[in-house]
Amino acid sequence: MKNNKKLPKLGLLYLDYVLRFFDKSNFKGWPEKIETVTYHWGNDKDRFIAEVKRKNIDILIGNIPATAYETFREIARKLPNVRFLPSLDSQFSNKSKENVTHFCHKYDLPVPKTEIFYIPEQAETFFLNTDYPKIIKRSYGPSNYGGYFVHKVDSYKEAKELLWERKYYPVYVQDFVPMEADIRVMLVGHKPVCAFWRRPPKGEWLTNTSRVEVWIIKMCLKTCLTLLFAHQKQPTPSTGPVISH
């Protein structure tokens with residue numbers, strides 16, 4: 001018996017310069033036309049919303065980077081009948097440094113000492129009385145794109161000026177952990193497939209992938225995992241590798 005139920009109109013959501021996780025080839029059995037819409041960085045919200053409406057899209061499928069968090073919250077409010085897959089809540093909760101920090105604390109995973117402040121006056125008191133240097137990060141999403149959302153402050157004055165300029169909320173602060181290099185482990189799904197060392201440029205401290213001077217890329221996965229597992233039960237994070245997020 002033929003099913004006459006109308007299928008939703010699918011749309012693949014792309015953003016300029018962002019890796020595409022979905023393609024029409026993933027939906028070979030879908031009998032209807034699949035639309036595509038691309039968000040262009042900058043002031044593109046109105047045009048993007050109009051295109052989604054014009055194409056009568058019911059479901060938008062795609063990966064949205066955390067740097068577009070506020071933008072796509074606004075877009076979603078203007079498209080109340082459009083469903084995002086994965087949902088915005090599920091995408092951004094997985095990119096939250098707060099959630100990663102709570103996860104590490106819950107399972108006793110070593111991380112740099114971290115403070116999260118939701119009340120500005122509490123953050124003010126902390127910065128007046130703490131030792132420096134400190135790391136201040138935006139609390140959601142990666143710190144990549146040149147490491148522009150991760151900052152080292154060496155004084156109360158620097159911390160206050162940074163927060164006044166950037167308006168980060170909540171205030172996410174970590175102890176500065178000096179290091180000559182760090183290890184980046186890459187996964188496909190939940191399976192680690194390779195690892196490499198990252199070294200910052202001479203005289204710099206940030207080992208962000210897009211800014212490192214030297215990538216020592218080796219198939220050192222076994223060594224890295226052995227090191228990690230050997231220290232995962234250590235009582236103090238200073239004696240072993242830490243998870244950077």
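The values are calculated or read from the model by the stated rules, or taken from the named source; none is laboratory data. Note that this is a predicted model, so its numbers are computed, not measured. Note that we place each Cβ from the backbone using ideal geometry, even for glycine, and neighbour counts take in every protein chain shown. Calculation scope for accessible area: heavy atoms of the full protein, side chains included, ligands and nucleic acids excluded. Shrake-Rupley method; radii C 1.70, N 1.55, O 1.52, S 1.80 Å.
Overview of values
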quantity	calculated
Selection count, region 123-140, where residues are surrounded by 13 or more Cβ atoms within 10 Å (Cβ to Cβ) and assigned to a helix (DSSP H, G or I)	4
Scan of region 81-119 for residues that are part of a helix (DSSP H, G or I), touching a helix residue (DSSP H, G or I) at 6+ places or on another chain (Cβ under 8 Å) and either closer than 21 Å to LEU163 by Cβ or among the hydrophobic types (A, V, I, L, M, F, W, C) (or both), ordered by number	LEU88, PHE92
Hey, ILE217 outside any helix (DSSP H, G or I), over 16 Å from PRO112 (Cα atoms) and either of a type in the set (A, V, I, L, M, F, W, C) or modelled with pLDDT of 80 or more (or both) or not	yes
Among the candidates VAL82, VAL100, VAL37, VAL111, residue that is surrounded by 12 or more Cβ atoms within 10 Å (Cβ to Cβ) and in contact with a Cys (Cβ under 9 Å, 6 or more places away or on another chain)	VAL111
Verdict on ILE49 being out of contact with any strand residue (DSSP E or B) (no Cβ under 9 Å at 6 or more places or on another chain), in a helix (DSSP H, G or I) and open to solvent by less than 30 Å² (accessible area, probe 1.4 Å)	yes
Residue match in region 8-27 (condition: under 26 Å from SER96 (Cα atoms), touching a helix residue (DSSP H, G or I) at 6+ places or on another chain (Cβ under 8 Å) and of a type in the set (Val, Ile, Thr))	no
Unique residue being hydroxyl-bearing (Ser, Thr, Tyr) and touching a helix residue (DSSP H, G or I) at 6+ places or on another chain (Cβ under 7 Å) when the list is THR71, THR67	THR71
